[in-house]
Amino acid sequence: MKNLYSVFIFFGIYILFCSCNQTKSKGGESLGTEVTKSITVENKSDVKKDTELEDFGEFLKKFSDNESFQMRRIKFPINVIIPDTSDEGMAPTEEKINKYDWEPLDLNYDSTYLTRPYDQYYQVVRFRNDTAIVEIRGIDNGIYADYYFEMIGKKWYLVTLFEASF
């Protein structure tokens, strides 16, 4: 009888010990699974960033607000078409602007620019294949500019501009 009693105690301790190990194991596995899932999600988001095309609206906002970002996203030397002020008819002429001669652009736009008392203008973005053209047109004031952006390696870059404002 004493032998049978010790078998029951041993069997009870064994079951208790196994169930505790399984609980720890399950907790560890779920933690391990969560970590693995988290890493997988992070890796997928990195891959997603590398394979997706850059959103032009987000790019333009960052391009206008962050000068160092803007400098990295311009293909220097950049060709610029501007009116020749020495010519009587202000015929367009092409120039190149180097990195050190560049003045930062702000292409942020809101509708108040259309109704302000001076220098009113509107801004439109036109897309063609892998290019975007930001057109700025003044209202009775001579503002006229086009900024040409091109998708290169799934990122937007300013490649040329046409400034005919007078």
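Things to note:
- When the test is whether a residue is over 21 Å from GLY57 (Cα atoms) and outside any loop (DSSP other than H, G, I, E, B), TYR122 does not pass it.
Quick grid of which residues meet (1) modelled with pLDDT of 95 or more; (2) loosely packed, with under 11 Cβ neighbours inside 10 Å:
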| position | (1), (2) |
| --- | --- |
| SER45 | no, yes |
| LYS62 | yes, no |
| PHE69 | yes, no |
| LYS75 | yes, no |
| MET90 | no, no |
| THR93 | no, no |
| ASP101 | yes, no |
| GLU135 | yes, no |
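- When the stretch 125-163 is filtered for residues that are outside any strand (DSSP E or B) and of a type in the set (S, T, N, Q), the ones remaining, listed by number, are ASN129, ASN141.
- Qualifying residues in the stretch 138-166 (those that are of a type in the set (Val, Ile, Thr) and out of contact with any helix residue (DSSP H, G or I) (no Cβ under 8 Å at 6 or more places or on another chain)) - the one farthest from ASP119 (Cα to Cα): ILE152
- Tabulated pairs, the stretch 124-153, first in the same structural domain as ILE82 (by TED's automatic domain parsing) and closer than 14 Å to LYS75 by Cβ, second of a type in the set (S, T, N, Q) and modelled with pLDDT of 95 or more, C-beta under 8 angstrom, 6+ apart or interchain: TYR148/THR131; TYR148/THR160; PHE149/THR131; GLU150/THR131; MET151/THR131
- Taken together, THR33, THR40, THR112 contain a single residue that is assigned to a helix (DSSP H, G or I), at pLDDT 90 or above, more than 17 Å from TYR157 (Cβ to Cβ) and of a type in the set (S, T, N, Q), which is THR112.
- If you go through the stretch 47-98 and keep only what is over 12 Å from LEU158 (Cβ atoms), touching a residue at least 24 places away in the same chain (Cβ under 8 Å) and part of a strand (DSSP E or B), you end up with ILE81, ILE82, PRO83, PRO92.
The values are calculated or read from the model by the stated rules, or taken from the named source; none is laboratory data. As the structure is a computational prediction, the values presented were derived from the model and not from experiment. Note that we place each Cβ from the backbone using ideal geometry, even for glycine, and neighbour counts take in every protein chain shown.
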